[in-house]
Amino acid sequence: MGSAGAKSAVEWLVSAAPDPEACRWDWERNPLGVTLLPAGRLWDVLILTGELGYPTLDVLTRLVDRPGPVLSDFGDSRMGFFVPPGTAARWIATGVRSAGRGTWIVVPYPGRATGGVRWLIPPDGTGHLTDPVILELAMHEAVAQLAGDC
């Protein structure tokens with residue numbers, strides 16, 4: 001990600017914080033390169049296991065030109081797909097955790113290496129998110145593929 005893209009991604013991400021300027025200042029100086037940001041304002045996050053998340057991301061990237069931002073946690077055990085706000089409150093799929101209003105997520109600084117959580121698909125700064133209907137279709141396809149591998 002170029003510096004202009006990273007800058008616009010940072011601006012978009014910190015705009016979700018209660019105090020964007022303080023968030024940006026702390027984040028830029030954090031030696032771990034991460035910050036906590038509230039979900040539910042600009043985005044919700046649907047959290048899948050890595051076992052389901054990676055095949056889902058593979059299908060998703062075949063369905064759309066560019067999915068919304070996607071995080072991977074320490075050890076690739078979980079993946080977070082950024083979806084429109086309000087999605088978490090309506091999501092009922094078994095085995096999918098969600099972060100919506102009232103929850104916070106660990107977010108790495110775009111374009112910087114961190115020791116754990118990282119962007120698989122970084123935000124582009126435009127606010128582009130993954131459509132939850134398309135994400136659900138990709139999940140169903142990924143589950144079908146996994147079942148066929150057994």
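Some notes on this structure:
- Separation between Cα centres of region 45-66 and region 100-130, rounded to whole Å: 15
- Per atom type, the chain shows carbon and sulfur on 57% of its accessible surface, probed at 1.4 Å.
- Using Cβ point charges alone (K and R +1, D and E -1), the dipole size of the chain about the Cα centre works out to roughly 260 debye.
- Crossing angle, helix 50-63 versus the chain [Cα axis fit, 0-90 degrees, rounded to tens]: 90
- Cα-based helix-to-principal-axis angle, 132-149 vs the chain, degrees rounded to 10: 50
- Computed from the C-beta positions of ARG101 and TYR54, the FRET efficiency with R₀ = 25 Å rounds to 0.35.
- When Kirkwood radius over Cα pairs in Å is calculated for this entry, the matching label among [x] 14.8; [y] 15.6; [z] 16.3 is [y].
- Using just its DSSP H runs of length 4 or more, each adding -39500 (n - 2.57), the chain gives a mean residue ellipticity at 222 nm of -12000 deg cm²/dmol after division by all residues.
The values are calculated or read from the model by the stated rules, or taken from the named source; none is laboratory data. Keep in mind that what you see is a predicted model, and the values were worked out from it rather than measured. With ideal geometry, Cβ positions are generated from the backbone for all residues, glycine too; neighbour counts draw on all protein chains shown. For accessibility, only protein heavy atoms count, side chains too; no ligands or nucleic acids. Shrake-Rupley method; radii C 1.70, N 1.55, O 1.52, S 1.80 Å.
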